[in-house]
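The values are calculated or read from the model by the stated rules, or taken from the named source; none is laboratory data. Note that the structure is predicted; figures quoted are calculated from it, not measured. In this analysis, Cβ positions are derived from the backbone assuming ideal geometry, glycine residues included, and neighbour counts consider all displayed protein chains.
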Amino acid sequence: MQPLEMDRPTWPAVRIGGILAVIAVAMLAAACAHMAIDALGDVLLEHDSYDDLAHDTRSVAGTIALAALLLAGARGMYEAVRCALGRAAARRVAVDLPLPAVISAVVVLAIPILIAMEAVDAILAGTPTLDLSALLGGSIALGLITTAATAALAAIGATTLLRWCCSTQALLVRIIVACCVTRPARCSAGIARRADGHVGAVPATVHGRHAAKRGPPLLVS
């Protein structure tokens, strides 16, 4: 049984899983930024372009992002349990992304995702547009600043949550593995006890009587 490599909290490796996790966080950040721009635009702008359209892409993007993150977490726990049970090799984290790199990646991805969301909303409403100001809520500055700030907070929150999950994953895996290992052992012990219960003690008289027939004579002449 190989020990798990969970000595230090890390961001996912720069592989397909890590890239998908960053994209999922960026999608969630874009959905949150879209709502923040809509709320701020009502106060800070004379005309908020987001008020002219329905925004179905918010819920779609948020749902996809949350589902992807939950699926990634469940798969990570499954792989950790398999490794602890000796059914798979331990997977080392190849490259650790520092927090500034995570923030930069999420911000860079969240801005085009938000613009694409609003473009899709405009197409669905029958009023497609390529006006960048309209796609960012009526103000390019407000849209970019709000999206960048929301994405940075989302990246920090995701990294903090991941570190907490890594710090508790080892304990959860030990608990799960303990349940998986001790249950078969207890079942085997119970079967052995039940088997022993069916074997009764042989009375001494019966044993002596049958033994006398097969043993040597009592008196040797």
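A few notes on this one:
- Scanning region 27-43 for residues that are in contact (Cβ under 8 Å) with a residue 40 or more places away in the chain and acidic (D, E) gives a single hit, D38.
For every residue, the table says whether it meets (1) at pLDDT 90 or above; (2) under 30 Å from D38 (Cβ atoms); (3) hydrophobic (A, V, I, L, M, F, W, C); (4) surrounded by 14 or more Cβ atoms within 10 Å (Cβ to Cβ).
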site: A155; (1), (2), (3), (4): yes, yes, yes, yes
site: L162; (1), (2), (3), (4): no, yes, yes, yes
site: C166; (1), (2), (3), (4): no, no, yes, yes
site: I176; (1), (2), (3), (4): no, no, yes, yes
site: C187; (1), (2), (3), (4): no, no, yes, no
site: A192; (1), (2), (3), (4): no, no, yes, no
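- Residue that is farthest from V106 (Cα to Cα), among those in region 139-153 that are buried (at least 19 other Cβ atoms within 10 Å of the Cβ) and more than 30 Å from the chain's Cα centre (by Cα): S139
- Pairing each residue of region 120-143 that is over 15 Å from D51 (Cα atoms) and among the charged types (D, E, K, R) with any residue that is surrounded by 14 or more Cβ atoms within 10 Å (Cβ to Cβ) and modelled with pLDDT under 90, provided the two are 6+ apart or on different chains, yields C-beta distances under 9 Å for D131/S49.
- Checking each residue in region 76-93 for being in contact with a helix residue (DSSP H, G or I) (Cβ under 8 Å, 6 or more places away or on another chain) and modelled with pLDDT of 70 or more picks out G76, M77, A80, V81, A84, L85.
- When region 3-33 is filtered for residues that are closer than 30 Å to G86 by Cα, in contact with a Gly (Cβ under 8 Å, 6 or more places away or on another chain) and either modelled with pLDDT of 80 or more or hydrophobic (A, V, I, L, M, F, W, C) (or both), only W11 remains.
- Listed conditions (1) modelled with pLDDT of 70 or more; (2) more than 14 Å from A154 (Cα to Cα) are all met by A36, apart from (2).
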